[in-house]
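Novice: My structure is below; once you've seen it, I'll send some questions.
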Amino acid sequence: MLLILAAASIATLTGENGILTRASDAKIETEKATEEEILKLAIISAKISNDGTQELTSSKLQEELDKQNQNIQEKVTVVDARYGILEVIFEDSQRGYKISENGEIYDLSYIPYTDIYVYLCSDGTLLFSNSENVSEKNIEKSYGNIKFQTFEEIQIDDIYTAQTPWINDRENITSIEILNNVVPVGNLNWFAGCYNASNIDLTNLNTTYIVSMRDMFARMS
């Protein structure tokens, strides 16, 4: 009898409709409502401040979200997708939202983006890993964790240059390897300018949630 009561109590707490499950669901819904409210306020401010054009741009939206970051203490990243669509990632919760040109918000739910550590190996391999533990490799240089980062390009003396941390080492990069499952928000310009890379293994690159792959292989030849 006691065992039956214990089992019933556990089910009441942890079952599909249990108290703990409902409490967890309620917490998530509250967090999502807060994030959407933050987005709505930032979108309105971004449109007003954009030289009176009412155009919603990634730079203006990022600027407004950065201002709010001082209060919410959470990093929020805006990424340009295609056809005027923006994607916003709340890094702590890893929830994503698509923003249409007119400011409508679409919930993308949980997105399992991974850490992305990038290294230059002594053999010329540009290595991407979801873990800092790459002891089996002979590392020459570390570029840190680029999770949630996207890299546009800038024009210097009529030459377009990607703003990746490894761009100045591009001549030394002879191969590219994704060591394990890597899930990025985007890989704009990742390999741009790496014209000496002759061996590229992207087997472990998970592109399921990528919003833009623009110029990923630009100027590689």
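Novice: Between L202 and S59, take the C-beta separation as r, use R0 = 35 Å, and let me know the FRET efficiency to the nearest 0.05.
Specialist: In this case the efficiency is close to 0.75.
Novice: Then there is this: Find out how many positive minus negative residues lie around L188, taking Lys and Arg as positive, Asp and Glu as negative, among other residues whose Cβ is under 11 Å from that of L188.
Specialist: Taking every other residue near L188 into account, the sum is -3.
Novice: Return C121, C194 ranked ascending by Cβ neighbour count within 10 Å, so the fewest neighbours appear first.
Specialist: Result, fewest neighbours first: C121, C194.
Novice: Could you please state, rounded to a whole Å, how far the C-alpha centre of region 96-149 is from the C-alpha centre of region 157-216?
Specialist: Value for the Cα centre distance between the two parts: 11 Å.
Novice: Across region 117-201, what fraction of all alpha-carbon pairs, as a whole percent, falls in each successive 10 Å bin from zero upward?
Specialist: Result returned by the calculation: 18, 52, 26, 3, 0.
Novice: Using the count of nearby Cβ atoms within 10 Å as a rough guide to exposure, how do F151, F217 rank from fewest to most?
Specialist: In order of increasing Cβ crowding within 10 Å: F217, F151.
Novice: Next question, about the same structure. Name the lysines eligible as straight-distance cross-link partners of K27: C-alpha to C-alpha under 27 Å, and not fewer than 8 places from it in the same chain.
Specialist: K40, K67, K75, K98, K147
Novice: Further, regarding this structure: Peptides 124-135, 178-189, 99-110: what's the order by average Cβ count within 10 Å, highest mean first?
Specialist: Descending packing order for the listed peptides: 178-189, 124-135, 99-110.
Quick note: the coordinates plus some simple rules give every number you see, no bench work behind them. In this text, all values refer to a predicted model and were calculated from it rather than measured experimentally. Cβ coordinates were reconstructed from backbone atoms using ideal geometry, including for glycine residues, and neighbour counts include every protein chain displayed.
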